[in-house]
Amino acid sequence: MKNQKNYCLRLLTLAVCVLFSGLIFAQIDRSVQPKPGPSPKITLEKPQTFELKNGITVLVVENHKLPRLSISMRIDNGPIYEGDKSGVSSLLSAMLGNGTTSISKDDFNDEIDFLGASLGFGAQSGFASSLSKYQNRIIELMADAAINPLLTLDEFEKEKERALEGLKGDENSVDAAASRVGSALSYGKDSAYGEFVSEESLKNINLEDVIDFYNSYFKPNNAYIVIVGDVNYKSIKKLIKKKFGNWEASKTLEKTTPTAKANVPKTEINFIDMPNAVQSNISLTSNVKLSMSDDDYHAVLIANKILGGGFNSYLNMNLREENGYTYGARSGIGASRYKVSRFTASTAVRNMVTDSAVVETIKEINKIRDTFVDEEKLKNAKAKYVGDFVLALERPSTVAGYALDVIYNNLPDTFYENYLEKINAVSIEDVKRVANTYFNVDNARIIIVGKGSDIVTNLEKTGIPIKYFDKYANPTEKPEFSKPIPEGINATSIMVSYIEAIGGKDAVDGVKTLLFSAEMTIEGAPFKPTAIRKSMAPNKSSTEIIVPGMGTMMKEKFDGESGYSEQGGMKNPMSKEDIDDKSSEKVLFPELHYTLDDIELISLSDIDGKEVYKIKVNGSEESFRYYEANSGLLVRVEESQEAQGQSMTSITVHSDYREVNGILIPFSQKVTVGPQILLFDAKEVLINSGVTDEDFK
């Protein structure tokens, strides 16, 4: 089956009542493009400010357009290195805002819901919003939760267990590994910016550690509270003093100033082997020294927008649109008051084009460094940036963030008022200059997390030196991607072993129909459809997806000679190509039918700690099946197909084999297609019953 997978334009209509229309039309030269109007004039409300005796600085911005208010709190302690108890701040963050010493967790959360408000905390921050008529109560609840948190052993153990489960869930996540290793290698694991939470560090933490962290760092000394919305300054000042004024300050803690780690002497690939990887995660990165107060700041923003900050960027147009390697390619650069940050150019691509994506990424970075950007592209980048900036001003949180930016980064009061003027002043010369200063390709790390057995050989051909690391940024030797295949093992013997493992040839031959009904989990979806797949030898198939309360949303049927797909009430007959594919497909245990010409043994390697044989199915550019060496069971299927001009790889992981009528059937299947993950948990599996010819019509 072939995989089938807005930019919104705003239209401004100006109606003019014209008495002498002929004269006016004659004055318009339609061959000349209209000149752009002046940049929008940015006027930000000046915060009214006061301080409490305990150290809190409060900024109030009155905005009476809507009857709402938002409250943002930040505690400026600077970066904190947690060391062998890394994760203590995350646990505190999870526990704060769930009740106080005088209000139970349930009562607290129920009242927030009743008010239609929101309230949450980080380890050094807090946020609340509500209708302005509830301002007294929401501020009272926020203050109570900040000053008198309910830090109980029961909640601590729940959050710690949840954090440990989260780590287990991320164990095989390529994205999690890429993020963890990227920071650790760039900044160092022994730094606040480079450390990461591990099972070991979480198990080192007890409730007393969380309470100590709270008592040391969650204090008003360096706190800022920004209130934006439908409030009266005098009234809110009185209320804040009353609710937050009794919060006791602690002794002033000495802030640690992070330092930048030196970039590598010469560009290198840092490779992390994850045999379960569906695709390769690529991140070219180098440390930079950039702050918002630097003269280059606005030019860097525009240069990054052109390189990889939007859909029409150099990177995305090359890797996605021109070559079809990926769903998207991006770049980003951080600005820190400590001048400790990173430039990154990142993407995720299918295995076979990993080396090409690396070469093309470097090519596009060199392009913006070596050549002047087209004036039209520069103009479009500015227009997009201006539009996003103006739209962001509609959010109260943006105004609050800007107010704190000015303080945190020691910026002039007019920084944001002059923002668009400086954006529009960026020239093509500025773009090239800052690209050469901040977009480093000569001393960069190219961090790649992927399936080494498929991609390292081609990566070596790039000529870029490769260093190997594990998922926790520890240096390792080059992994053994392919092990010696034992004597007497070949593709045919592996097929025989599989058939024997699931029940034997006689039993498998006796299977004529199969019904597989499963609960389907779609990542991010609020519902769980039911997927019903029916198969009849040799090639009849039926698939239906049923959504609770909505009925059948999708179906596909093939009766051996013709078929169709139906979605949203629209029925589409199968193309001749699809019919040919379906006609040749063996829907039940294709291993019974493979000949020597159909399959080829590629390798013996490890996936998720188990030795597996990789079998290539001939006749297809990329179709592989993996069989566990010990049990003989099929554990993984990889297939690449073309869709919308791009090649997509689907990975199906089979597990939880159970016996049905003497045959072992995988009751759990995890299907990954690009960024989409589908989980199938079988609720009913029937062999030789529940399926008739009518099911395929």
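The values are calculated or read from the model by the stated rules, or taken from the named source; none is laboratory data. What you are looking at is a predicted structure, and each value in this text was computed from that prediction instead of being measured. Here the Cβ positions follow ideal geometry from the backbone for every residue, glycine too, while neighbour counts run over all protein chains shown.
Structure data summary
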read-out	value
Flag for Ile607 being closer than 30 Å to Ser631 by Cβ, in contact with a helix residue (DSSP H, G or I) (Cβ under 7 Å, 6 or more places away or on another chain) and either of a type outside the set (Lys, Arg) or surrounded by fewer than 14 Cβ atoms within 10 Å (Cβ to Cβ) (or both)	no
Filtered residues of segment 450-483 (kept if touching a Leu at 6+ places or on another chain (Cβ under 8 Å), not small (Gly, Ala, Ser) and not assigned by TED's automatic domain parsing to the domain that holds Val349)	Lys483
Residues of segment 477-518 that turn out to be in a strand (DSSP E or B) and either of a type in the set (A, V, I, L, M, F, W, C) or within 37 Å of the chain's Cα centre (by Cα) (or both), as a count	6
Of all residues making up segment 481-511, the number that are touching a helix residue (DSSP H, G or I) at 6+ places or on another chain (Cβ under 6 Å) and of a type in the set (A, V, I, L, M)	3
Test: residue in segment 100-109 that is among the aromatic types (Phe, Trp, Tyr) and farther than 22 Å from Lys158 by Cα	no
Output for segment 187-196, where each listed residue is surrounded by 17 or more Cβ atoms within 10 Å (Cβ to Cβ) and either more than 25 Å from the chain's Cα centre (by Cα) or assigned to a helix (DSSP H, G or I) (or both)	Tyr187
Options Ile240, Ile227, Ile272; residue that is of a type in the set (A, V, I, L, M) and farther than 30 Å from Glu45 by Cα	Ile272
Selection status of Lys219, in contact with a Gly (Cβ under 9 Å, 6 or more places away or on another chain), crowded, with 22+ Cβ neighbours inside 10 Å and not acidic (Asp, Glu)	yes
Subset of segment 319-337 (residues that are assigned to a helix (DSSP H, G or I) and crowded, with 20+ Cβ neighbours inside 10 Å)	Leu319
Only one of Ser620, Ser689, Ser631 that is over 16 Å from Ile502 (Cα atoms), among the small types (Gly, Ala, Ser), over 29 Å from the mean Cα position of the chain (by Cα) and at pLDDT 85 or above	Ser689
Flag for Asp355 being closer than 30 Å to Arg636 by Cβ, assigned by TED's automatic domain parsing to the domain that holds Lys432 and among the acidic types (Asp, Glu)	yes
Criterion: under 16 Å from Val210 (Cβ atoms), modelled with pLDDT under 95 and not assigned by TED's automatic domain parsing to the domain that holds Ser336 - qualifying residue of Ile80, Ile42	Ile80
Subset of segment 92-110 [closer than 14 Å to Tyr217 by Cα and of a type in the set (A, V, I, L, M, F, W, C)]	Leu92, Leu96
Inter-residue pairs, beta-carbon under 7 Å, first among the aromatic types (Phe, Trp, Tyr) and in segment 502-528, second surrounded by fewer than 14 Cβ atoms within 10 Å (Cβ to Cβ), 6+ apart	Phe527/Pro548
Residue tally, condition buried (at least 16 other Cβ atoms within 10 Å of the Cβ) and acidic (Asp, Glu), over segment 429-446	1
Inter-residue pairs, beta-carbon under 7 Å, first surrounded by 15 or more Cβ atoms within 10 Å (Cβ to Cβ) and in segment 255-266, second not in a loop (DSSP other than H, G, I, E, B), 6+ apart	Ala260/Asn287; Lys261/Ser186; Lys261/Tyr187; Lys261/Asn287; Asn263/Ser286; Asn263/Asn287; Val264/Arg445
Test: residue in segment 513-528 that is touching a Leu at 6+ places or on another chain (Cβ under 7 Å), at pLDDT 95 or above and closer than 28 Å to Ile663 by Cβ	yes
Answer from Lys571, Lys586 - the residue that is part of a loop (DSSP other than H, G, I, E, B) and surrounded by fewer than 15 Cβ atoms within 10 Å (Cβ to Cβ)	Lys586
In segment 200-216, residue surrounded by the most Cβ atoms within 10 Å (Cβ to Cβ) [restricted to those that are hydroxyl-bearing (Ser, Thr, Tyr) and more than 22 Å from Leu167 (Cα to Cα)]	Tyr214
Elements of type helices (runs of 4 or more DSSP H) contained in segment 50-148, each with 2 or more residues being surrounded by 15 or more Cβ atoms within 10 Å (Cβ to Cβ) and under 26 Å from the mean Cα position of the chain (by Cα)	88-95
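A quick yes/no check of all residues on (1) under 27 Å from Ile665 (Cβ atoms); (2) touching a His at 6+ places or on another chain (Cβ under 9 Å); (3) among the charged types (D, E, K, R):
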position: Leu514; (1), (2), (3): yes, no, no
position: Ala525; (1), (2), (3): yes, no, no
position: Lys528; (1), (2), (3): yes, no, yes
position: Ile546; (1), (2), (3): yes, no, no
position: Ser565; (1), (2), (3): yes, no, no
position: Gly569; (1), (2), (3): no, no, no
position: Lys586; (1), (2), (3): yes, yes, yes
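Okay, residues lined up against (1) at pLDDT below 95; (2) among the charged types (D, E, K, R):
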{"site": "Leu301", "(1), (2)": "no, no"}
{"site": "Gly324", "(1), (2)": "yes, no"}
{"site": "Tyr327", "(1), (2)": "yes, no"}
{"site": "Arg330", "(1), (2)": "no, yes"}
{"site": "Gly334", "(1), (2)": "no, no"}
